[in-house]
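**Student:** Submitted below is the structure of interest, expressed as structure tokens.
The values are calculated or read from the model by the stated rules, or taken from the named source; none is laboratory data. Keep in mind that what you see is a predicted model, and the values were worked out from it rather than measured. Cβ atoms come from the backbone with ideal geometry, glycine included; neighbour counts cover every protein chain shown. To get the accessible areas, we keep the full protein, side chains included, count just its heavy atoms, and leave off ligands, DNA and RNA. Shrake-Rupley method; radii C 1.70, N 1.55, O 1.52, S 1.80 Å.
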Amino acid sequence: MGKLEKQINLIAQNKIDFDEGQNLIIKSLEFDFNVTFEILKNFILNSIPNKSNYFSDSYQKAIISIPLKQTFTPIIILNKFSVKDAFKRLSELSESEYEKIIISLLWIFKITDTERRQTECKNGCEHYWHNIK
Ligand SMILES: [Zn+2]
């Protein structure tokens, strides 16, 4: 697991405060939108148990609780389109939206992964990234 993947998991597991964590990632000199976006996309898709259409209550709940204005373009897209369609549209937005996109996806993953850890993974699991220190 790379440094970025580890940071994202530590944020999702509340081992790094969310605001501190988002800054660690976005303000990093190594920040690369495309790389970060792809990792978060795959993490979110993996964390949603329903692989047929990725519909999940925790995903929907996560979107409406993103700590940004619900009127921001990335959040409107997330609310309006299905998971895969939304990700495609987000990847095509301009650079001025990058920070908002990453904060939104980090938040969604934190919620969907927490839900998974509290249900499916509750009695122990083989996900090595759920067992990081
Ligand atoms: Zn797990």
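**Student:** Within segment 107-121, name every residue whose backbone N is under 20 Å away from a label modeled 7 Å from Cα of PHE18 along the Cβ vector.
**Tutor:** The answer is 107-119, whose backbone nitrogens lie closer than 20 Å to the label point.
**Student:** Given 0.36 nm per residue, what is the gain on full extension from ASN131 to LYS69 after removing their alpha carbon distance, in nm?
**Tutor:** 19.0 nm
**Student:** How large is the helix-only mean residue ellipticity at 222 nm for the chain, computed as the sum of -39500 (n - 2.57) over DSSP H runs with n ≥ 4, divided by its residue count, in deg cm²/dmol to the nearest 500?
**Tutor:** Helices in the chain give a 222 nm mean residue ellipticity of -18500 deg cm²/dmol.
**Student:** Counting only protein heavy atoms, what percent of the accessible surface of the chain is carbon or sulfur at a 1.4 Å probe?
**Tutor:** The computed percentage sits at 51.
**Student:** Given a cut-off of 19 Å, name the pairs among LYS41/LYS61; LYS3/LYS27; LYS27/LYS100; LYS6/LYS88; LYS41/LYS100; LYS61/LYS84 whose C-alpha atoms lie farther apart than that in the structure shown.
**Tutor:** LYS6/LYS88
**Student:** Sticking with this structure for a sec: Relative contact order, percent, of the chain when contacts are C-alpha pairs under 8 Å separated by at least 6 residues?
**Tutor:** Relative contact order here is 34 percent.
**Student:** A further question on this structure: I'd like the FRET efficiency for GLU30 and LEU93, computed as 1/(1 + (r/R0)^6) with the beta carbon distance as r and R0 of 30 Å, rounded to 0.05.
**Tutor:** 0.90
**Student:** With the cut-off at 1.5 for a/c, could you classify the chain from its C-alpha gyration tensor as rounded, prolate or oblate?
**Tutor:** oblate
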